[in-house]
Amino acid sequence: MKKEQEIKMLKAFSDANSTSGFEGEFVKLFTETVKDFANTKVDGMLNVYASKKENQAGRPVIQLDAHSDSVGFITQAVRPNGMIKFVPLGGWVKYNIPALRVRVRNRDGEYIPGVVATKPPHFMTQAERNNVPDVADMSIDVGSSSREETLNDYKIDTGCPIFVDVKCEYNEKSGLFFGKDFDDRFGAAAMADVLETLDGEETPFNVVAALSSQEEVGLRGAYVTARTVKPDLGIVLESCPADDTFTPAWLSQTALKHGPMMRDMDTSFLPNPKFQQYACDIADKNHIPYTRSVRTGGGQDGAAIYYENGAPTIVIGIPVRYEHSPYCFSAYQDFKAAVEMTVAIIRDLTNEKLASFSQF
């Protein structure tokens, strides 16, 4: 894929409205993106299975994974004054939510602009100025003046999804993207790029790219895709939180423009060590930059895929600053390095090397 096409795809993927349980808009965009070089099907959970067109029966299967959902919100109830009481979908920090611009999808499928309302400082007490309210005490204002107006005119009620409303930008000079939902739209874009790069190419393995739903609320889709695909090997293309703005250089393990992060540990996952080292050796051989990371928090789909049937699994992460916030930075060169590493692994892998990952 040409660079200008990749940039256009990454911006479109970021701009799509897709939070946990409401992934339809992005599922449609992803399937349209890969339709020329993969056979696709979608299950009732909105997981997408994009199978390389050259796949043949009876061969070992490599499952690629990325997730389609991002953190967002859902309408819990409408207050008497017309404000929306909401609940987070995924891991938000409350400090990042006030004054956030959002889009509420109403019962007719229309998007209504709104804002997480804050009291003007003129009316705040000193205590209110110095504290952030709990999410349960926050509200979203869509311009309504009554509960009846929100329900009947805006057609917003319990269960309506709420999405972050930020437009993605790309700075050609710095090579940085600035926008929302890079977790995990950049992983999904990398997966699409890998499929196109391998289009028409024969490999000794079948490749199935699974775009899984509901990762942000418990890796739910990946448990389903792993049971369906039954992989012999798993490669998770995740967008991962960068630590380079608050961690000393000697400890920073996920930094912009340092290549993808190879995850050695998080709270849910330890990779197959032989596969992990093999992937790093492949990157070294091909002069692809990367970092390795031991995390004391976090989790991702690799855990679900690995748990399901023990298929050797690794995570190739694209660094994202300020993940799970409305505004993120990510570097084009890190995205491209993740694609190159994944393609290099698939092209180099043999049945003998696959078997070696289970020999100790």
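The values are calculated or read from the model by the stated rules, or taken from the named source; none is laboratory data. Every value quoted in this text rests on a predicted model; they were computed, and no experiment measured them. Note: ideal-geometry Cβ built from the backbone for every residue, glycine included; neighbour counts use all protein chains shown. Each accessible area value is taken on the protein alone, full model and side chains, heavy atoms only, with ligands, DNA and RNA left out. Shrake-Rupley method; radii C 1.70, N 1.55, O 1.52, S 1.80 Å.
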For region 306-338, which positions are in contact with a Gly (Cβ under 7 Å, 6 or more places away or on another chain), under 14 Å from A255 (Cα atoms) and open to solvent by less than 50 Å² (accessible area, probe 1.4 Å)? I318, C328, A331, Y332, D334, A337
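Could you please let me know if V87 is open to solvent by less than 50 Å² (accessible area, probe 1.4 Å) and either modelled with pLDDT of 95 or more or farther than 29 Å from L151 by Cβ (or both)?
In short, no.
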Collect the residues in region 280-305 that are open to solvent by 40 Å² or more (accessible area, probe 1.4 Å) and touching a His at 6+ places or on another chain (Cβ under 7 Å), keeping them in residue-number order. P289
From the list E6, E23, exactly one residue is buried (at least 18 other Cβ atoms within 10 Å of the Cβ), over 19 Å from A210 (Cβ atoms) and touching a residue at least 12 places away in the same chain (Cβ under 8 Å). Which is it? E6
On the basis of being over 21 Å from P326 (Cα atoms) and among the β-branched types (V, I, T), does T125 make the cut? yes
Pick from region 200-222, criterion part of a loop (DSSP other than H, G, I, E, B) and of a type in the set (S, T, N, Q), ranking: nearest to F37 (Cα to Cα): T203
Residue check, I7 against (1) closer than 20 Å to I318 by Cα; (2) touching a Leu at 6+ places or on another chain (Cβ under 8 Å), all met but one. Which one? (2)
Condition (residue is open to solvent by less than 10 Å² (accessible area, probe 1.4 Å) and either touching a Ser or Thr at 6+ places or on another chain (Cβ under 8 Å) or more than 30 Å from A50 (Cα to Cα) (or both)) applied to region 142-149: is it met by at least one residue? no
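I'd like to check which strands (runs of 3 or more DSSP E) are fully inside region 57-164 and have at least 3 residues that are aliphatic (A, V, I, L, M).
Because the criterion is at least 3 residues that are aliphatic (A, V, I, L, M), the strands (runs of 3 or more DSSP E) in region 57-164 that meet it are 61-67, 72-78, 84-89, 111-116.
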Anything in region 252-279 that is without any contact (Cβ under 8 Å) to a residue 40 or more places away in the chain and open to solvent by less than 10 Å² (accessible area, probe 1.4 Å)? List them, or say none. D266, Q276
Evaluation of S18 against (1) open to solvent by 40 Å² or more (accessible area, probe 1.4 Å); (2) within 16 Å of R220 (Cα to Cα) (one fails), failing number: (1)
Please find, within region 165-179, the residue that is farthest from G109 (Cα to Cα) out of those that are open to solvent by 40 Å² or more (accessible area, probe 1.4 Å) and not in a loop (DSSP other than H, G, I, E, B). N171
Selected residue [open to solvent by less than 60 Å² (accessible area, probe 1.4 Å) and out of contact with any Asp or Glu (no Cβ under 7 Å at 6 or more places or on another chain)] from V71, V78, V132, V102: V132
Count - residues of region 180-204 that are crowded, with 20+ Cβ neighbours inside 10 Å and touching a strand residue (DSSP E or B) at 6+ places or on another chain (Cβ under 9 Å): 16
